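Asks: Right, I'll just put the structure down here and ask away after.
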Amino acid sequence: MPKRYLIVGAGFSGCVLANRLSALQNCTIDIWESRDHIGGNCHSSRDAETGIMIHHYGPHIFNTSKKEIWDFVNQFGELRPYVHRVKAVSKGKVYPLPVNLATINQFFNKNFSPEEAKEFIAEMGDNSIQNPKNFEEQALKFIGKDLYQAFFYGYTKKQWGCEPSALPASILKRLPVRFNYDDNYHNSIYTGIPVDGYSAVMEKMISGDGINLYLNKPFVPNTEEQQHYDHVFYSGPLDAFYQYRLGRLGYRTVRFEKYEALGDFQGTTQMNYCDETIPYTRIAEHKHFTPWEQHKKTVYFKEYSMETGPQDVPYYPKRLSADKNMLMDYRKLAENETRVSFLGRLATYRYMDMQHVIEEAIEFARNFVNRQQEGLILPVFPNEEPS
Ligand code: UDP
């Protein structure tokens, strides 16, 4: 008998998992998606008015240094090379991000060589901090107070709604600091944008026989309908699965303000606004993500970061210490499940990039099928959560 699986959520986790499970074994898969579209928060489609490819939940740039992940995604639609170059406005001046030699020289009005800049920034750093325990300490130790205040303090406070000292250092470690003129936002070997958008890639992933997608179909745990499946793979928010019985995990959400204009509004895809006095965090102008296309009009979005209310889409897991305690309690509940597994950004409550989500889903499918074949206990989570 083919196994019958239910996958909850049609984002990258759910779609990659469906693709891999159906490649590895004889099974039928239903995917239930509560929204009216596939793609999760990576959903992109063409704007009806201008034809520009819109990333509906904010800019997504696919990047990885693993050739097998790049090749895997490319099977489902062409990714065209695109290098993300971000600009940042601080006190009315525009600088390149991530912080690189151009940023340092412009900001301090110098003409440093790489070695001189390295020495200069090392002197600016706070050496009394041995092991940075949070975002602020990480910044003060490695780039010093001036650059921290100009580019990180205000932006981070707006983005996360709290003092950067309350946030983990890992958030800052996402961004490189370079002592050359390389202003590629990512360190990855491969970076690109799907020519037909992310949702088209995911549609192709789940186009095989035996996979059925149901849109506008929310998941309610422990219903009779769920009993028809041998196993449920859940990629929604972990706290929602347990109907918030231990409380709500903290997320930031984003409100987008859409604008249309003629020509070119800001000359680049992403302009960050680092001053606290400007209420939005960044402006993304989407036609620049596809420089191979021509558009007379332009569409851009101002992003406002906010606390997540019960009806809002969760974006960024805050992972403050109270959240992490609650997460551990939810994970203890989940560990008792025998016919449910949890994976992806929302179900594991982690700040994940697309490449990590995809890699983890590929690995999870393999592990799940192997363990099933060997009659072992099935995995509940793809990851360990350090206590
Ligand atoms: N960040 C900042 N200033 C910037 C850009 C980023 O302080 O101009 C900080 C901020 O805390 C942010 C984090 O670095 O949440 C990670 O930035 P990234 O661009 O990776 O965020 P994403 O694109 O995922 O929103």
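The values are calculated or read from the model by the stated rules, or taken from the named source; none is laboratory data. What you see is a predicted model; the values in this text were computed from it and never measured. In this analysis, Cβ positions are derived from the backbone assuming ideal geometry, glycine residues included, and neighbour counts consider all displayed protein chains.
Asks: Output the number of residues of the stretch 157-181 satisfying the condition of being of a type in the set (K, R) and surrounded by 15 or more Cβ atoms within 10 Å (Cβ to Cβ).
Replies: 3
Asks: Which of the residues that make up the stretch 8-39 are more than 17 Å from F76 (Cα to Cα) and of a type outside the set (A, V, I, L, M)?
Replies: G9, Q25, N26, C27, T28, D30, W32, E33, S34, R35, D36, H37
Asks: Answer yes or no: is there a residue in the stretch 111-124 that is among the acidic types (D, E), in contact with a Gly (Cβ under 9 Å, 6 or more places away or on another chain) and away from the ligand (no atom under 13 Å from the Cβ).
Replies: Taking every residue of the stretch 111-124 in turn, at least one turns out to be among the acidic types (D, E), in contact with a Gly (Cβ under 9 Å, 6 or more places away or on another chain) and away from the ligand (no atom under 13 Å from the Cβ).
Asks: As an exercise: evaluate Y153 against (1) near the ligand (Cβ under 10 Å from one of its atoms); (2) closer than 30 Å to A18 by Cβ; (3) part of a helix (DSSP H, G or I) and give the number of the one condition it does not meet.
Replies: (2)
Asks: What are the residue pairs meeting all of these: first residue in the stretch 70-87, first residue closer than 18 Å to H186 by Cα and touching a residue at least 12 places away in the same chain (Cβ under 8 Å), second residue away from the ligand (no atom under 16 Å from the Cβ) and outside any strand (DSSP E or B), Cβ atoms under 6 Å, and 6 or more apart or on different chains?
Replies: R80/V195
Asks: Would you check if there is a residue in the stretch 340-351 being in a loop (DSSP other than H, G, I, E, B), under 22 Å from L249 (Cα atoms), at pLDDT below 95 and not hydroxyl-bearing (S, T, Y)?
Replies: No: zero hits.
Asks: Still on this structure, please answer the following. Yes or no: S305 of a type in the set (S, T, Y) and without any contact (Cβ under 8 Å) to a residue 60 or more places away in the chain?
Replies: Here the answer is no, as S305 does not meet what is asked.
Asks: Would you check if H186 is buried (at least 16 other Cβ atoms within 10 Å of the Cβ) and within 16 Å of the ligand (Cβ to nearest atom)?
Replies: Yes; evaluated as a whole, the condition is true for this residue.
Asks: Now for a separate question. Tell me, please, whether a residue that is more than 16 Å from the ligand (Cβ to nearest atom) and in contact with a Lys or Arg (Cβ under 8 Å, 6 or more places away or on another chain) can be found in the stretch 127-147.
Replies: Yes, there is a match, as at least one residue in the stretch 127-147 is more than 16 Å from the ligand (Cβ to nearest atom) and in contact with a Lys or Arg (Cβ under 8 Å, 6 or more places away or on another chain).
Asks: Which one of I104, I189, I121, I129 is β-branched (V, I, T) and touching a strand residue (DSSP E or B) at 6+ places or on another chain (Cβ under 9 Å)?
Replies: I189
Asks: Go over the candidates G51, G40, G92 one by one and state the one that is at positive phi and under 20 Å from the mean Cα position of the chain (by Cα).
Replies: Criteria check complete, one pass: G40.
Asks: OK, next. For residues in the stretch 189-248 being of a type in the set (D, E) and at pLDDT below 95, which is nearest to S34 (Cα to Cα)?
Replies: Only one residue fits best here, namely E225.
Asks: Working carefully through the options I171, I193, find the one that is within 13 Å of the ligand (Cβ to nearest atom), in contact with a Ser or Thr (Cβ under 8 Å, 6 or more places away or on another chain) and in contact (Cβ under 8 Å) with a residue 24 or more places away in the chain.
Replies: I171
Asks: If Y300 satisfies all but one of (1) assigned to a loop (DSSP other than H, G, I, E, B); (2) more than 15 Å from the ligand (Cβ to nearest atom); (3) touching a strand residue (DSSP E or B) at 6+ places or on another chain (Cβ under 7 Å); (4) not polar (S, T, N, Q), what's the number of the condition it fails?
Replies: For Y300, the exception is condition (1).
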